[in-house]
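**Q** Would you mind keeping the following structure in view while I ask a few things?
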Amino acid sequence: MEELLLKIKYNMTLDEISEGFRLFQRKYQLKKSLIFTAVYLIALGLGVDFIIRNITNFYGYVLIGLALGMIFYTWYKPVLIRKKLIATISSLAEETYISEFYRDRIKITTVIEEPVIEENETQSQEVNEPSEDEPHEEEKQEEVVTNLYFGSDYLDAVENIGMFLLFVNRQLIYIYPKRCLTDDEQTKLREILTEKSIL
């Protein structure tokens, strides 16, 4: 039987998701953005040089316009992606997460809560004619299980004042808000991530 090192149950607010995604972007996209910005600044410099040499040089103005536009887009795109992500998540059902830490893996269970269905004047309808507006007698929770394996998946983690962040294959993030964890759970989680050379 596998040894369970830690089991935690938690949820996330939209602010925590936004902050987590912002830190994810900073860790994995900041360097790329800086490189692109440097290239666009060179193009901007060339455009300025063209105009200094000949104020009527059409290509100089085009180059300056393109460079400024690309610099703006490079830095605004992550903000736009983050806003779209939050807008999408806010329209979905609430989710609760359960993370179980074992020696060789992390098992993450996502529990998707069904929306609460309110009664809509169904009392006047006949029993033999059910309506879509009637409340369901039983609402089941949908569970999605993900296993992350130490050594197989590329895992990296960061801790800040409000949360632990687990990065998976530089594509996904899992957020562990400290408000949902006891001091002992925070200490144990920190020990596990440090032992696995992730934190």
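What follows is calculated from the coordinates using simple rules that are stated; it is not laboratory data. Please read these numbers as outputs of a predicted model, since none were measured by experiment. Please note: Cβ atoms are built from the backbone with ideal geometry, for glycine as well, and neighbour counts cover all protein chains shown.
**Q** Considering region 1-87, what Rg and Dmax in Å follow from its alpha-carbon atoms?
**A** Answer for region 1-87, Rg first and Dmax second: 21.3, 78 Å.
**Q** Taking the alpha-carbon distance from Lys31 and a cut-off under 16 Å, which lysines remain once sequence neighbours fewer than 8 residues away in the same chain are dropped?
**A** Lys77
**Q** Something else about it: Distance check, please: which entries in Lys107/Lys196; Lys32/Lys83; Lys7/Lys178; Lys7/Lys107; Lys27/Lys84 exceed 18 angstrom between their Cα atoms? Don't skip to the answer; put the middle values down first.
**A** Details: Lys107/Lys196 15 Å; Lys32/Lys83 20 Å; Lys7/Lys178 14 Å; Lys7/Lys107 9 Å; Lys27/Lys84 20 Å.
With Cα atoms farther than 18 Å apart: Lys32/Lys83; Lys27/Lys84.
**Q** Give, as a single signed number, the net charge of other residues whose beta carbon lies under 12 Å from the beta carbon of Arg82, with Lys and Arg counted +1 and Asp and Glu -1. List each step's numbers first, then the result.
**A** Values: positive: Arg22, Arg26, Lys77, Lys83, Lys84; negative: Asp15, Glu19.
Net charge around Arg82: +3.
**Q** Something else: With a cut-off of 16 Å, note down the residues of region 21-42 whose backbone N falls inside the zone around a label point 7 Å from the Cα of Asn57 toward its beta carbon.
**A** Output list for this probe position: 41-42.
**Q** Take the Cβ-Cβ distance between Lys9 and Leu34 as r, set R0 to 41 Å, and report the resulting FRET efficiency rounded to the nearest 0.05.
**A** On the way: r = 39 Å, r/R0 = 0.95.
About 0.60, to the nearest 0.05.
**Q** Starting from the Kirkwood Rh over alpha-carbon pairs, what translational D in µm² s⁻¹ does region 153-199 have by Stokes-Einstein at 4 °C and 1.567 mPa s?
**A** In µm²/s, the coefficient is 120.
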